[in-house]
1. Kindly work out what percent of the DSSP beta bridges joining two residues of the chain are antiparallel, to the nearest 5.
2. Would you mind pulling out the separation of the Cα centroids of segment 181-213 and segment 81-113, in Å?
3. How about segment 304-390: which chymotrypsin sites (Phe, Trp or Tyr not before Pro) there lie in a loop by DSSP and see at most 11 other Cβ atoms within 10 Å?
4. With a point put 7 Å past each Cα toward its Cβ, work out how far N277 is from S344 in nm, to one decimal.
5. Between the DSSP loop rule and a limit of at most 10 other Cβ atoms within 10 Å, which GluC sites (Glu not before Pro) in segment 247-309 are left?
6. Report the Cα centroid-to-centroid distance between segment 314-354 and segment 1-80 in angstrom, as an integer.
7. If each of K104 and A24 carries a label point 7 Å out from its Cα toward its Cβ, how far apart are those two points in nm?
8. Between D165 and D60, what length comes free when the chain is fully extended (0.36 nm per residue of separation minus the Cα-Cα distance, one decimal in nm)?
Amino acid sequence: MSEMQQILEAIQTGASGDDIANLALPETYRAAVVRKDEQEMWAGYESADKDPRQSLHIDDVPLPELAPDEAVVAVMASSINFNTVWTSIFEPLPTFGFLSRLGKESVWGKRHDLPYHIVGSDAAGVILRTGSAVRKWKPGDKVTVHCNYLDDQDPSAHDDSMLADNQRIWGFESNFGGLAELTVVKANQLMPKPRHLSWEESAVNALCNSTSYRMIVSQHAAGMKQGDAVLVWGAAGGIGGYAVQYVLNGGGTPVGVVSSEQKADMLRAMGCEHVINRKEAGYQFWKDEHTQDESEWRRLGKDIRGLIGRDVDIVFEHPGRQTFGASVFAVARGGKVVTCAATSGYMIEYDNRHLWMKLKSIVSSHFANYKEAWAANQLICEGKIQPMLSKTFTLEQTGEAAYQVHKNMHEGKLGVLCLAPEENLGIDDPEFRAEVGEDKITVAKRFA
Ligand code: NAP
């Protein structure tokens, strides 16, 4: 039996932490990578024509040496995030530049500067080894991994760690990401796995759930109050699906925007009563490439008022160029547009008169610090926030899964089985699962 098979068998048979600590680690493992010598492969192509199925490969890669503050995790499942789409289409920049900068920072950083980039910023699995400086975790612990990767010896990392000079996103701006059989992560990325969820349900949350928690709940971003109304773009997508849940959980009123009736039905099943189908509404916020149409912004505002009788206090913004002008217009006087992305283009235009005359603000947000990620994970563990898993792929199908996210063919989150041989494994607390409710936990799956 290969070392990897022994690891899998130990996990599946519930071997003790000591037994797991004594297992031999393989020298190589399978991982989803992009290759440096292919980073120009899409030169001259439009974004929409770049195909992750061609640039993402499943290669055998060597296991890197473990630093004292790190852990080796056997990845049972991972997920597709939009950053893997960006990496695989080499936009807005090839990620090899990030790896080379990290490589110059330290001896341990040097390991990351390789001719391949192992992608993936989510994982659920089991710790196999810990470095000598790791205190709170041990082999055998079942974990999820958040993607805030930083050097905590830098003073700038000690207020809000998202403000650290050296803050990076694991598996995007660092190597050895989660779309692989094994991963090497810092101990301060580890969080407990929710006991009532399967491996793939546990794996899809950390990046999107933590991002939405910070954007909606945290005082670092919108700091939503009870009773606030929130417009959520892409409300049945990755971050949007968690955002809707945070609005509902916090006593707010979500207005979810989606592009299909199927997604609208999913939102209603999640308890989001007010839904706008943007395809059906046919908004044309841009008349042409250079000119926005204020009457279309007004139409959106009117549609929102038609649903909830007033303007929204917060807009959860991430499509960027296509929607940003409308978001700034539609948010209430004194309201906040909180933004973390620009999927449709990052050169943004809005009418500043609507911003300053009505004392609105634009708040930027990016992932989450450890405390925020931990709080968001805790809410999943308590069954108060549900995983947005809609479909599950194998590691070999990573390119196809990333393609579906790139083409907006998906709902919620796409999971990827790495070492887990099939779906629905890893549920340790079926009683609590039943208490939370199968229907709630699998809501995105039911509408996929
Ligand atoms: P996703 O699962 O693809 O969801 C995005 C949703 O946005 C889609 O479901 C789509 O919904 C909607 N959308 C796409 N294009 C749009 C457009 N032109 N106008 C209006 N809506 C549009 O992706 P995600 O995981 O939620 O991520 C969304 C963005 O946030 C990505 O750019 C990602 O890189 C970024 N992000 C940033 C952070 C951070 O920490 N800064 C963290 C996570 C994600 P409908 O078609 O149904 O409307």
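Laboratory data are not the source of any read-out in this text; all were calculated from the coordinates shown. The structure presented is a predicted model; accordingly, all values stated were derived computationally and were not measured. Every residue, glycine among them, receives a Cβ derived from its backbone with ideal geometry; neighbour counts consider all protein chains shown.
1. Working: 35 of 60 bridges.
Percentage antiparallel, nearest 5: 60.
2. Here the two parts' Cα centres lie 21 Å apart.
3. Values: sites: F316, F324, F329, Y346, Y350, W356, F367, Y370, W374; in loops: Y346, Y350, F367.
Those satisfying the criteria are Y346.
4. So the two model labels end up 1.8 nm from each other.
5. Passing both the DSSP loop test and the Cβ count: E289.
6. Taking the Cα centre of segment 1-80 as reference, the centre of segment 314-354 is 37 Å away.
7. Once both label points are built, they end up 4.1 nm from each other.
8. Numbers: separation 105, 0.36 × 105 = 37.80 nm, distance 3.28 nm.
Length difference between fully extended and current span is 34.5 nm.
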